[in-house]
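Shown next, in C-alpha cells, is the structure this report addresses.
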Amino acid sequence: MVQGERDALEEKLVADGWTFERHEGFIALIGGLWRRSHGNGFDYGFVGGSEHGNRSGFVQGGMLMTIADRAFGMTARAASGAAKSATVSFSAQFMKSMDIGTFAFVRPKVVRLTHSLAFMAGDIFCKDEIIFSAQGVWRIVRAA
C-alpha cells in the first residue's frame, strides 16, 4: 500500500467517525488502533499494512488475534469498571484472508460478566464480511 492510498483510506475513516489512537507498548509497535463509538460501546480497527503481512501476501492471522485480544480486554475493563484485565482463554476461527491495504474492525461484546470474569465474543469485519470470529474469558482485576 503506497502512502497516498493509505492517506486516502485514513481520511475516509475520519469522515466515517473513526479516531486514531496510537496506544503504548506492543500495540504501538503494530501501528495503533482506530476507534469508533457504535452506541453500545466501541469498534476497534486497523489498516492492514505491509508490516502486518505474512509470506502468502495477506495480513498475518496473529495480527487479527492481537486486535481482538486488545479490543476484548478494553471492553471488559469498560463494562466492569475494573482497573485492569488479563486474558484467561482465547479461541479464534479464521474465515477469510485479509488483504494488505484494507481496513478491518472488531466489534467486541460482553456475553457475561461476573465479579471476577468477563466472557467476551466478537467478529472482525473487512469489506462488509466477517473474516474472523473469537471468544474468550478475561479476568477482571479490580482496584484494591
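May I ask for the percentage of alpha-carbon pairs in segment 52-134 that lie more than 15 Å from each other? That tail contains 56 percent of the Cα-Cα pairs. Provide the net charge surrounding ALA92, with neighbours chosen by a C-beta distance below 12 Å and charges set as Lys +1, Arg +1, Asp -1, Glu -1. Every neighbour counted, the sum reads -2.
For segment 1-55, the convex hull drawn through the C-alpha positions has a volume of 91 cubic angstrom per residue. Geometric descriptor of segment 4-144, per residue, is 111 Å³ (volume of the convex hull of the Cα atoms). Share of carbon and sulfur in the accessible area of segment 36-144 stands at 50%, probe radius 1.4 Å.
Take segment 30-70, drop everything but the C-alpha atoms, weight them equally and run the Debye formula without solvent; then report log10 I(q)/I(0) at 0.14, 0.22, 0.23, 0.26 Å⁻¹ to two decimals. Results for segment 30-70 at q = 0.14, 0.22, 0.23, 0.26 Å⁻¹ read -0.35, -0.73, -0.77, -0.90. So how tilted is helix 61-80 from the main axis of the chain? Cα-based, degrees 0 to 90, rounded to 10. Long axis of 61-80 versus the principal axis of the chain: about 40 degrees.
Give the distance, in whole Å, between the Cα centre of segment 34-52 and the Cα centre of segment 86-121. That distance is 12 Å. Based on the convex hull around the alpha carbon atoms, segment 31-98 presents an average projected area of 5.6 nm².
Seen from all directions on average, segment 101-144 presents a Cα convex hull projection of 4.0 nm².
The values are calculated or read from the model by the stated rules, or taken from the named source; none is laboratory data. Please read these numbers as outputs of a predicted model, since none were measured by experiment. As a convention, Cβ positions derive from the backbone with ideal geometry for all residues, glycine included, and neighbour counts pool all protein chains shown. The accessibility values were calculated without ligands, DNA or RNA, using every heavy atom of the protein model including side chains. Shrake-Rupley method; radii C 1.70, N 1.55, O 1.52, S 1.80 Å.
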